[in-house]
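Everything on this sheet refers to the single structure shown next.
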Ligand SMILES: Nc1ncnc2c1ncn2[C@@H]1O[C@H](COP(=O)(O)OP(=O)(O)OP(=O)(O)O)[C@@H](O)[C@H]1O
Ligand SMILES: Nc1ncnc2c1ncn2[C@@H]1O[C@H](COP(=O)(O)OP(=O)(O)OP(=O)(O)O)[C@@H](O)[C@H]1O
Ligand SMILES: [Mg+2]
Ligand SMILES: [Mg+2]
């Protein structure tokens, strides 16, 4: 099969977008958080929490909206715990994030077991269906893959636009930037640094929670232990690859998503190379793409550093 | 009724009183100076006023009304503005974004930059504070950044401006025009609290003066009724000795430091040539950011130059690393002691080790001889009267003056043949400055070549045998100290022609 | 070392089970767990189990159960072979069992299930029901217990339709559900209309993909029709209770010996499920063909080739 | 002393909170708290075997934790111990398979050396990219984890596969590679002594030598080091080498001391746990030993709890997360409690 043909096929693009959506959602959330100076490597935990609680919400109430709400709240809960540790307790943010991962991996499995017991009948919900956008979906090439998708994909497109405007066109974007870059300057200009950071973490929780919700409510329709399987770490990668620019983040998510989609398709072509060689592909691609970011380190200056007003 | 009155302010850090029953009164249309040694508690008092620190006890009244600020936001609302000792600007944002940061302008949250820029331009025009609203702050000179800070306050409608050591980084000309701005502000109905260590400045610009010593009031005087002697007595409780540059007979002790045709086009530096013979001080005058720092870093080896040669005592340094140069006896005092000079979270001994590692016996077979290091540190502490609670105290908790003394003690260790000193007394009080000056002069006497970079002309004139003026990465002129003309140097610093 | 606890000869037999993943993984571990519980009811034995026992902990788990006086400790997976044999030397009175392994000692045995027999039948069913002549198979890890089923599946499919095209992917995960789903979707995109899996938890994603696209699927390990009633035609069944029974019987009659034992359809350990709602949708000829082959396997007149390394 | 009592009390409170939460969790799955606690403690200290298991788990945690600790000291945020551990495991396996006839006195040192180098290589690449080009090591080291794990998968199916056996694992390695058990039949092996030795060595390196001083200095203020003539690049590179190398040795010990062959999944997230170990041990080599023993005991105890009292292992994960969260929050929580 011709690889180039494959790579441009509608199905491939659609698969890429499906792979990229949850990562991009969580990546956008983390971008906001990191812009404000809080680095949370517990994105995995936020997503897992979102996935579990959205499933729980929809399973128990049968309402899509409540499912979404639960998912976002789940993400927010995880993210705010990290925020509390990082902002209030001035703890090491990396370790707080790691602890969050352990905590929520255990907690979601535990609660799942509590609620549904050891069972071989899979508790499931109906997934949110795709919505075809009448005219746009008939555009050549991109139309079918971009505009015959589930509502989350449209939400993602909207969010990229909205966050782009937020970052680059509003005073709030300037504030966010200032808080991450020089919190003392922001403080003396009358901005409450910690409030901004809590808000950013809140946004991270919402978006990361939605990323997890996408997995359970759109993609799969059920929950399982460790459902996210490392996607949170990939989301972190998109933040760096995308240089904390919403378009960049989504671009990075698409690159990694396409590497995922490609590796599966390459495998189905049939070779005797061990499958791990293909599974490795997205990670290798990531490292290679990172190489292109040489010399353009743009970490916010105060990233990972708690703000203490009366520290000299 | 006074505009501001602070009464019985107490503030302690870790059990140590930084402010003890401090009183301060500032009237309307007044420029008020706050004087005191390093660590006297000036910044602490102002931070309390501005809502950055919370006071332990005491009262603050603005226009007769008691106020309590829990954050700078409250202070801004009460029309108080503060420019900090270390600027609080976001270097990656534009001037305009910095000035309007956090404000709700019409159309919020979508600011109309065009309108805002016009407002800023008119404000800067009114007070003669010349800046480009679209410029990125990180690319501005310190002087310009300071103007941005002041516009930032004015834009926020501050009636009372607190300026913490605003002139420390300015050239004489800049200082002069800065004072013009202050006078214009006073005429316009503003009051100003200014912290500075320069007594002549205090006498020329202020209306009244409050002096702090060791966290307590040492006196409040009207500027018209006082003089320099009284002020320094109030501040440090003794008279200044003054530093004196003795004449040293020119023995021929080799070439010392010689630069010929050194240039670095990336930093728009050079080509420049200069010479610092042993036992002499070459003062480099100039506005910050005209290549002095790059020059210093090239000599020390932190930066590589593209062409020309640097040699010390006839030995070419061009391809030597910083470490090798240190071992050849080069000492470096950077203008940014927190970033370049010290590791604030390490103690005195470890910070001494940063230079002493090159000395015999300190590092043997890869192991650090802690006993010897301790002894050497004790010596330095005793010899230069460095005030510290212990040798294990992290440098972060030493006062600025003592931090700087430690750097000097360290870089002076082991009879260096060259010391490059950048802004060695920036931010230091008159007492500490005097100590530093004496230390440099002692080095000179011992036959060391000293390259002194300073934007403080008085300091240059006081210490240097020869004075070079740098502008735009080039040396405009180089004169022996006895043939200088201050106005001419001022013009050269501003880049005005050699023939002026 | 050694078993120190004295045991009342009349008391119930104690059996412990080690699982490599969660007990509700919708596959391999879930059937083992269900089997253990079923055996407990049926044979009045005392049971215990441990989930998520990694390679590093196998030995400790065997040792712990042995020293607690368990009579039979079962490790459910090939990776438990080595630890079982090693620990067995210290506890000569305790019996050890590793499933799908090939090492043994005096009191440790390996029991291998002939899962390929069921896989072969699934291949026949899938190829018969495919309209496009393309079917897909998603494997978890590339390891003999999986590969042998995938290979048998391919052979079964070819036996029905020599020109059938079997797409295969090993996703290197038993847990990444969304990857399983994506792999299945990519096969669907390439025209596959029957999707099968041997990937536990991740395989659930395969079934969901088939359901979403309106395709057919086969299940694995137990009757998975309940996951997607209108999609899953039939499933392979690995009957762990039968396995446990045969071991328990040997232990209680003191005939349990070390060795490698192969158990298949005729031992009641491997089988395929009924067709549930597909009873009427599958052509009679196909059903006939499959039941004939099943009988031939049972009576030994046909043996499904055992291929443990991947062929192209 | 007032400060000390306060610290003591605060830890007491943390222990109480953890115990109460654990009890609630255990009750909610319907197990007996008393039985669980009993089996938790018994699993750790009830037998020589239990004690030995604590040391067995602590071995890789100490080694990888030391590695992470020294990296953090130098400002190199190494999240990649997991992958580096696997690289060490690959190295010893390759050595055992391709030079099976080496005598033990050569084999073991060579294995440690190769394991060190393999792990070092795996963190040197991200280290180099960070030191030279400022590329985020956090992301790179995480990516390298995934790559290393997949690499193990490829190798045990190809060049390192046991030809006589269809399963994806290496053959059993020759006797000469085996690290002796210290108290057979208990599993604790000479690797534990190696780990202790490295802890002491690293302590000396960090706090007694010039090299260690420069590494710490670089971690605290790179710019000042540059001005003082201490090479940031050299020290970050060096610490990344040491860091990965130690994790690599952890991998060697797991293969040589426990499994005697390479197989997928030999590390139950030791590399990630090592980060917690290092940070709880405040990146101090000797405290790292203590915190590794603590984390190891927690895990051994909870597994025993699962086996004897039927408590799901997810509780161990919850408790570990909770312990770390509480320790992170400790200072702040207790400071405000007193002021209020
Ligand atoms: N946050 C702190 N924690 C612990 N000790 C501190 C702290 N701040 C200051 N100290 C101690 O107080 C001592 C005096 O510091 P301070 O800054 O007041 O000196 P100073 O009086 O300003 O000296 P100078 O005369 O040079 O200006 C320091 O040596 C330090 O040990
Ligand atoms: N955040 C802080 N933490 C601990 N101690 C502090 C803090 N801020 C100030 N201090 C201490 O309070 C005292 C007064 O410091 P302050 O900065 O007010 O002095 P200053 O008069 O502004 O000196 P300088 O001329 O050096 O700026 C010093 O002893 C200093 O060590
Ligand atoms: Mg001070
Ligand atoms: Mg001050």
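The values are calculated or read from the model by the stated rules, or taken from the named source; none is laboratory data. Everything numeric here is computed off the predicted structure, so don't read it as measured data. Every residue, glycine among them, receives a Cβ derived from its backbone with ideal geometry; neighbour counts consider all protein chains shown.
Filter the range B:396-417 for residues that are away from chain A (no Cβ under 14 Å) and farther than 13 Å from residue B:355 by Cβ; which is nearest to ligand 2 (Cβ to nearest atom)? The selected residue is B:401. Under the condition of being at the interface with chain D (Cβ under 10 Å from one of its Cβ atoms), part of a loop (DSSP other than H, G, I, E, B) and out of contact with any strand residue (DSSP E or B) (no Cβ under 8 Å at 6 or more places or on another chain), the residues counted in the range B:349-363 number 1. Of the numbered conditions (1) within 20 Å of the chain's Cα centre (by Cα); (2) in contact (Cβ under 8 Å) with a residue 60 or more places away in the chain; (3) assigned to a helix (DSSP H, G or I), residue D:235 fails exactly one; give the number of that condition. Here residue D:235 meets the rest and fails (1). Does residue A:42 satisfy the criteria of being on the phi > 0 side of the Ramachandran plot and modelled with pLDDT under 95? When the stated conditions are applied, residue A:42 does not pass them. Note on the range C:187-211: among residues that are at the interface with chain A (Cβ under 7 Å from one of its Cβ atoms) and in contact (Cβ under 8 Å) with a residue 12 or more places away in the chain, the one that is surrounded by the most Cβ atoms within 10 Å (Cβ to Cβ) is C:187. If you filter the range B:18-36 down to residues that are over 19 Å from residue B:396 (Cβ atoms) and within 15 Å of ligand 3 (Cβ to nearest atom), you find that the one that is nearest to the other protein chains (Cβ to nearest Cβ) is B:19. State yes or no: is residue A:96 assigned to a loop (DSSP other than H, G, I, E, B) and modelled with pLDDT under 95? The answer is no for residue A:96. Per the conditions (1) in a strand (DSSP E or B); (2) over 26 Å from the mean Cα position of the chain (by Cα), the sole criterion not satisfied by residue B:332 is (2). Each residue in the range C:131-186 was checked for being more than 11 Å from chain A (Cβ to nearest Cβ) and outside any helix (DSSP H, G or I), and 8 pass. Of all the residues in the range A:29-51, those that are within 14 Å of chain D (Cβ to nearest Cβ) and within 18 Å of residue A:107 (Cα to Cα) number 8. Taken over the range C:229-246, the criterion of being surrounded by fewer than 21 Cβ atoms within 10 Å (Cβ to Cβ) and over 17 Å from the mean Cα position of the chain (by Cα) is satisfied by C:229, C:230.
Reported count of residues in the range B:6-21, each being more than 16 Å from ligand 4 (Cβ to nearest atom) and within 21 Å of residue B:64 (Cβ to Cβ), is 3. Comparison of B:87, B:69 shows that the only residue that is away from ligand 4 (no atom under 13 Å from the Cβ) and either within 30 Å of residue B:136 (Cβ to Cβ) or within 10 Å of chain A (Cβ to nearest Cβ) (or both) is B:87. Being part of a helix (DSSP H, G or I) and either within 24 Å of residue D:333 (Cα to Cα) or modelled with pLDDT under 95 (or both) is a property that does not hold for residue A:37. Selection over the range B:37-66 of residues that are more than 16 Å from ligand 2 (Cβ to nearest atom) and either facing chain A (nearest Cβ under 9 Å) or in a loop (DSSP other than H, G, I, E, B) (or both) gives a count of 2.
Counting only strands (runs of 3 or more DSSP E) that sit wholly inside the range C:2-105, those with at least 3 residues that are closer than 17 Å to residue D:303 by Cβ and within 9 Å of chain D (Cβ to nearest Cβ) are C:46-50. Given the structure, is residue A:276 in contact with a strand residue (DSSP E or B) (Cβ under 7 Å, 6 or more places away or on another chain), without any contact (Cβ under 8 Å) to a residue 24 or more places away in the chain and either more than 12 Å from chain D (Cβ to nearest Cβ) or part of a helix (DSSP H, G or I) (or both)? Here the answer is no, as residue A:276 does not meet what is asked.
For the range B:1-17, taking the residues that are more than 15 Å from ligand 3 (Cβ to nearest atom) and part of a loop (DSSP other than H, G, I, E, B), the one that is nearest to the other protein chains (Cβ to nearest Cβ) is identified as B:15.
Filter the range D:166-180 down to residues that are surrounded by 16 or more Cβ atoms within 10 Å (Cβ to Cβ) and over 14 Å from residue D:93 (Cα atoms) and give me whichever is nearest to the chain's Cα centre (by Cα). Result: D:167. Taken over the range B:189-207, the residue count meeting the criterion of being more than 16 Å from ligand 2 (Cβ to nearest atom), closer than 16 Å to residue B:162 by Cα and out of contact with any strand residue (DSSP E or B) (no Cβ under 7 Å at 6 or more places or on another chain) is 1. Among the residues of the range B:392-408, those identified as over 11 Å from residue B:424 (Cα atoms), in contact with a helix residue (DSSP H, G or I) (Cβ under 8 Å, 6 or more places away or on another chain) and more than 10 Å from ligand 3 (Cβ to nearest atom) are B:392, B:393, B:395, B:406.
Yes/no per residue for (1) more than 14 Å from chain B (Cβ to nearest Cβ); (2) without any contact (Cβ under 8 Å) to a residue 12 or more places away in the chain:
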site: A:193; (1), (2): no, no
site: A:200; (1), (2): yes, no
site: A:212; (1), (2): yes, no
site: A:220; (1), (2): yes, no
site: A:238; (1), (2): yes, no
site: A:248; (1), (2): yes, yes
site: A:253; (1), (2): yes, no
site: A:256; (1), (2): yes, no
site: A:259; (1), (2): yes, no
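For the residues B:146, B:85, the requirement of being within 20 Å of residue B:47 (Cβ to Cβ), at pLDDT below 90 and assigned to a helix (DSSP H, G or I) singles out B:146.
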